[in-house]
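Visitor: I am attaching a structure below and will ask some questions about it afterwards.
The values are calculated or read from the model by the stated rules, or taken from the named source; none is laboratory data. Since the structure is predicted, the reported quantities are computational estimates derived from the model, not experimental observations. All Cβ positions, glycine included, derive from the backbone under ideal geometry; neighbour counts span all protein chains shown.
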Amino acid sequence: MVKFAETTKRLFANVFVCRNCKTKIRGLPTKLMKGLIPCKKCGKRRFRPIRKK
Ligand SMILES: [Zn+2]
């Protein structure tokens with residue numbers, strides 16, 4: 001289960017969701033949160049970190 005946890009962490013660590021169109025985007029959290037990377041679909045720059053319940 002440790003390996004699974006690590007995999008999950010890796011998969012979701014750098015994934016963010018667009019607040020406007022909910023598209024998943026991969027990128028460095030620092031860049032995404034600063035608005036350096038626009039959404040590919042709608043061009044907005046507001047993202048929130050993805051979280052799995
Ligand atoms: Zn978007």
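Visitor: Could you please find all residues in region 41-53 being part of a loop (DSSP other than H, G, I, E, B) and more than 11 Å from the ligand (Cβ to nearest atom)? Walk me through it before giving the result.
Guide: Kept after step one, since they are part of a loop (DSSP other than H, G, I, E, B), are these residues of region 41-53: 41-46, 50-53.
Correct list: I50, R51, K52, K53.
Visitor: On to the next question. Out of all the residues in region 1-25, which are among the aromatic types (F, W, Y) and at pLDDT below 90?
Guide: Our first condition is that a residue be among the aromatic types (F, W, Y); within region 1-25, this holds for 4, 12, 16.
Hits for region 1-25 are F4, F12.
Visitor: How many residues, within region 4-40, are near the ligand (Cβ under 8 Å from one of its atoms) and either in contact with a Pro (Cβ under 6 Å, 6 or more places away or on another chain) or on the phi > 0 side of the Ramachandran plot (or both)?
Guide: Number of matching residues: 1.
Visitor: Right, here's the next one. Scan region 26-40 and tell me whether some residue there is among the charged types (D, E, K, R), surrounded by fewer than 14 Cβ atoms within 10 Å (Cβ to Cβ), modelled with pLDDT under 95 and in a strand (DSSP E or B). Working first, answer last.
Guide: To start, the set of residues in region 26-40 that are among the charged types (D, E, K, R) comprises 26, 31, 34, 40.
Next, from what is left, pick out any that are surrounded by fewer than 14 Cβ atoms within 10 Å (Cβ to Cβ): 26, 31, 34, 40.
Next, only the ones that are modelled with pLDDT under 95 stay: 26, 31, 34, 40.
After this cut, where a residue has to be in a strand (DSSP E or B) as well, the list is 26.
Taking every residue of region 26-40 in turn, at least one turns out to be among the charged types (D, E, K, R), surrounded by fewer than 14 Cβ atoms within 10 Å (Cβ to Cβ), modelled with pLDDT under 95 and in a strand (DSSP E or B).
Visitor: Which condition breaks for G43 when tested against (1) surrounded by 11 or more Cβ atoms within 10 Å (Cβ to Cβ); (2) at pLDDT 90 or above?
Guide: (1)
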